[in-house]
Every structure is written in structure tokens, then in C-alpha cells.
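I have placed the structure first, in the form of C-alpha cells, so that the comments after it can refer back to it.
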Amino acid sequence: MKTSIVKNVVKVILPLIQIFGAYVIIFGHVSPGGGFAGGSIVGSSLILYRLIYGSERADRKFIYFYLLKLVSISLVVYGTLKGLIFILEHLGFNGFIPIGVPGNLLSGGLIMPLNVLIGIVVSITFYFIATLFEEGELENVNGAE
Amino acid sequence: MKKISAIIITTLFIGFLLIGVADMPPFGSENNPAHNEVMEKYIYDSLEDTGAVNIVSSMILDYRAFDTFIEASVIFAALITIMTVLKEGGNKYED
């Protein structure tokens, strides 16, 4: 599992996986994809990193305390943003966020930011669940520091 | 006695559910309740309403955004449950 061949192949392939995941998330409103699909791709790349390079190195890179905070903040921001827009449109403030030219990257109003938030939640959650099932703990107890 | 009563209750429950299935409309017919004006609304108006080319994206993140919000919350709740069951103890961040 941790031979140098696997490590070197993963070193090349990992950025490509993450770029593809980010592409699927960010272009979710102009092409097939979206937050859930792209989030699973990014999450699987994080799982691959932890499996190949070991838990100590992954712990140093992805501090789980801050990742958990990031998930919670993403969920709260999603609810606040969409709830605010719902209330504002109910009160008559239509067109609060410009729709833009359909087909451009910056179009579709709130769809792209919401996709990014969903992608954050899904990727980090998949990474955490895989880590818990693999090791029974979110960070290496005997690790550095 | 326990087994017999379990079998009787299960049979009654299956029959009760099958009565509900018998009332369902035939599969694929044009007059099904699912084939209403919502479908046409999504297909013809979603580009003007939301500005997203991907209709599925405009559906799950604009028309039904709160459904997606609760979906993400369900995933988060699953994570918290797994952490409660499997995680062993404290960490170096809490004192």
C-alpha cells in the first residue's frame, strides 16, 4: 500500500483529481455535475491522500478541528443565504442578485456559491466517515505534537 | 406464540400496504398525478427564472434549495452520529 511506486503515482494523480473535482463543483450550473458529485470526488482525493501518505502527515495537513468548523459554518451560511433570499423575494425585492448571461461562469445567481458550500460539506464529511471507519479516530493519537 | 403473532401482524401489515398499492394509477399512463404542470414549468421557464443552463442544478439549488439544505444537514447528522459511536475520546483541542 505504501511502496514508493504508489506514492509517486499518487503524487502526480492527486492534483488532477482535485482540479477535476473543483471543476465539477464550480461549473455545476453550466454542465453536468454539482456539489454532491464534485464533493465526492474531492473527498475521495482526501481519502486517497490519507491512505497513501499515512495518518500523521494527513493530520498535519488537514487539522480536523478546523475542518469540522468549516463544515458547520458552510451549513449555517447556506441556510442564512437562501433563507434571506427567500424572505427578500417574498417582500418584493426581486432581482436582488443579477442572473447574468446564461452559459457564463458567473451566472445563475446564487447557484454557484451554494454549490461550493455543498461541495465543502460533502467532501469533508466523506473524508471524516472514511477516516473513522478505517482508524476509529479522527486524528492519530500517537502522532507528532 | 411470539412467532405466530409476529407472522399474523406481518401478514396484516403487508396486506394493508398492498391495498394501498392497488389504488395506485397504472404505470406510465398519461393521466398520472405526477404528470402535471410542474414538469413543463421546470423545462420551459427555468432558464429565465434562474439563469442556469443545467436544469437539474436550477431545480435542486433554486426551486428546491431547502430540500438540498436538509439533505446536507442529514449528511452532517450522519457524520455526528458516527463520531458519537466510533470516536474514542478527547483530543488536544479541548481542555
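The values are calculated or read from the model by the stated rules, or taken from the named source; none is laboratory data. Only a predicted model underlies this, so the values are computations on that prediction, with no experimental measurement involved. In this analysis, Cβ positions are derived from the backbone assuming ideal geometry, glycine residues included, and neighbour counts consider all displayed protein chains. Surface areas here come from the heavy atoms of the whole protein model, side chains and all, with no ligands, DNA or RNA. Shrake-Rupley method; radii C 1.70, N 1.55, O 1.52, S 1.80 Å.
I need the full set of residues from the range A:108-136 which are more than 23 Å from A:ILE87 (Cβ to Cβ) and of a type outside the set (Val, Ile, Thr), in order please.
A:GLY119, A:SER123, A:PHE126, A:TYR127, A:PHE128, A:ALA130, A:LEU132, A:PHE133, A:GLU134, A:GLU135, A:GLY136
Give the number of residues within the range A:65-79 that are facing another protein chain (nearest Cβ under 8 Å), closer than 14 Å to A:PHE128 by Cα and surrounded by 17 or more Cβ atoms within 10 Å (Cβ to Cβ).
1
Are there any pairs, at least 6 apart or on different chains, whose C-beta atoms fall under 9 Å, with the first in the range B:35-57 and under 15 Å from A:SER31 (Cβ atoms) and the second part of a helix (DSSP H, G or I) and open to solvent by 80 Å² or more (accessible area, probe 1.4 Å), and if so, which?
Hits for this filter: B:VAL53/B:LEU47; B:ILE55/B:ILE43; B:ILE55/B:LEU47.
Inspect the range A:44-60 for any residue being free of Cβ contacts under 8 Å to residues at least 60 places away in the same chain and either within 30 Å of B:ASP62 (Cβ to Cβ) or within 11 Å of chain B (Cβ to nearest Cβ) (or both) and give the result as yes or no.
yes
Identify the residue in the range A:109-144 that is more than 20 Å from the chain's Cα centre (by Cα), within 17 Å of A:LEU67 (Cβ to Cβ) and assigned to a loop (DSSP other than H, G, I, E, B) and, among all such residues, is modelled with the highest pLDDT.
A:GLU137
Within the range A:122-137, which residues are facing chain B (nearest Cβ under 7 Å) and open to solvent by 20 Å² or more (accessible area, probe 1.4 Å)?
If the condition is that a residue be facing chain B (nearest Cβ under 7 Å) and open to solvent by 20 Å² or more (accessible area, probe 1.4 Å), then A:ILE129 is the only one that fits.
On the basis of being within 10 Å of the chain's Cα centre (by Cα), closer than 11 Å to A:VAL116 by Cβ and assigned to a helix (DSSP H, G or I), does A:GLY43 make the cut?
Taking the combined requirement at face value, the residue does not satisfy it.
Take A:ASN104 and tell me if it is surrounded by fewer than 19 Cβ atoms within 10 Å (Cβ to Cβ) and on the phi < 0 side of the Ramachandran plot.
Here the answer is yes, as A:ASN104 does meet what is asked.
Which of the residues that make up the range A:80-103 are at the interface with chain B (Cβ under 10 Å from one of its Cβ atoms) and over 17 Å from B:ASP49 (Cα atoms)?
A:LEU81, A:GLY83
Out of the range B:48-61, which residues are open to solvent by 40 Å² or more (accessible area, probe 1.4 Å) and at pLDDT 85 or above?
Of everything in the range B:48-61, those that are open to solvent by 40 Å² or more (accessible area, probe 1.4 Å) and at pLDDT 85 or above turn out to be B:VAL53, B:ILE55, B:VAL56, B:MET59, B:ILE60.
Among the residues of the range A:61-71, which ones are among the hydroxyl-bearing types (Ser, Thr, Tyr) and free of Cβ contacts under 8 Å to residues at least 60 places away in the same chain?
Within the range A:61-71, A:TYR66 is the sole residue that qualifies.
Considering each of A:LEU51, A:LEU106 in turn, give the residue that is out of contact with any strand residue (DSSP E or B) (no Cβ under 6 Å at 6 or more places or on another chain) and in a loop (DSSP other than H, G, I, E, B).
A:LEU106
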